[in-house]
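This report concerns only the one structure given below.
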Amino acid sequence: MRITNPPQAKDLMATARSFGNYDLAAALADLIDNSIKAKATRVDITFEPEDSDVVVRIRDDGIGMDLETLVIAMRPASANPQDERESDDLGRFGWGLKSASLSQARVLTVVSWCGGIINAARWDLDNIDGWEMEVLEGSEAISLLVKPQNWETGKFSDRFRVQMEDKYATTITSHISKDGHYFIHYDPAQCRSLSVREAARIQTFPDNYFFQGSRTDQFHQVGNAVPPLLASKISKVVFGILFDKVRDYDKRLAEEAKGEEAYA
């Protein structure tokens, strides 16, 4: 006797999250590989805070997929490792798109434009019973697209920036508390963002100044603060202006007092 014994969708997809031992950098690299295979010449990655979560958007200008191809691409294990592959295809098992994305998130949405027709497909790990995947077409798929302001202007296009060892650092802002990809350490062997103490040093805080709260809170304090050295320089200028005004005022009062005495 032979029976079907498929895996539970939620269990298998939860297991797939650990395939490849992805961290964020490795997951993004795997997804960029898909863009390369699609002949993309440009890939934009943005991290957008939304309520208590962060939405990661990866946009490229590569060749899109029609609905049938999109459904296949979203299917778990969508490729046979023994099949012959094109020379620029770095994938093998057909898990890369799914496992890379879901290793970092619980919802994966792919929107693709092909031949003037737009389609979208979405896996939601919290709503996946019976292997049900959401498919959207036309206006519903278009509604998922949010065109970034920097797509055409190029402003703030360097969402990933490595700080230079021999140059001035970029301005530390409180956004470093959400992601540190704009503040990557210059040493490639360390492969990390700046620490709270390093960011504080750039802001000219002395090393004996301690910040309280969680790491996120500390980054907020560092990023929102006026750099102490800058505050000191400004205060000295302001003090000099006020001192001169007070001195001139006292001098004028003294001269007026003398005049009154002479008159008397």
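The values are calculated or read from the model by the stated rules, or taken from the named source; none is laboratory data. Because the structure is predicted, anything quoted here is derived from the model rather than measured. All Cβ positions, glycine included, derive from the backbone under ideal geometry; neighbour counts span all protein chains shown.
Key figures for this structure:
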item	result
Residues located in the stretch 124-146, provided they are over 20 Å from Ile72 (Cβ atoms) and part of a helix (DSSP H, G or I)	Asp129, Ser139, Glu140, Ile142
So Asp44, is it surrounded by 12 or more Cβ atoms within 10 Å (Cβ to Cβ), within 20 Å of Leu102 (Cα to Cα), touching a Gly at 6+ places or on another chain (Cβ under 8 Å) and not polar (S, T, N, Q)	no
Residue list for the stretch 144-170, filter: closer than 27 Å to Asp66 by Cα and either among the aliphatic types (A, V, I, L, M) or at pLDDT 80 or above (or both)	Leu144, Leu145, Val146
Qualifying residue in the stretch 206-229 (condition: among the acidic types (Asp, Glu), more than 30 Å from Val54 (Cα to Cα) and in a loop (DSSP other than H, G, I, E, B))	yes
Any hit, the stretch 15-33, residues being of a type in the set (Asp, Glu) and under 30 Å from Gly116 (Cβ atoms)	yes
Condition check for Tyr249: in a loop (DSSP other than H, G, I, E, B) and not basic (Lys, Arg)	no
Selection from the stretch 185-220 of residues that are modelled with pLDDT under 85 and buried (at least 17 other Cβ atoms within 10 Å of the Cβ)	none
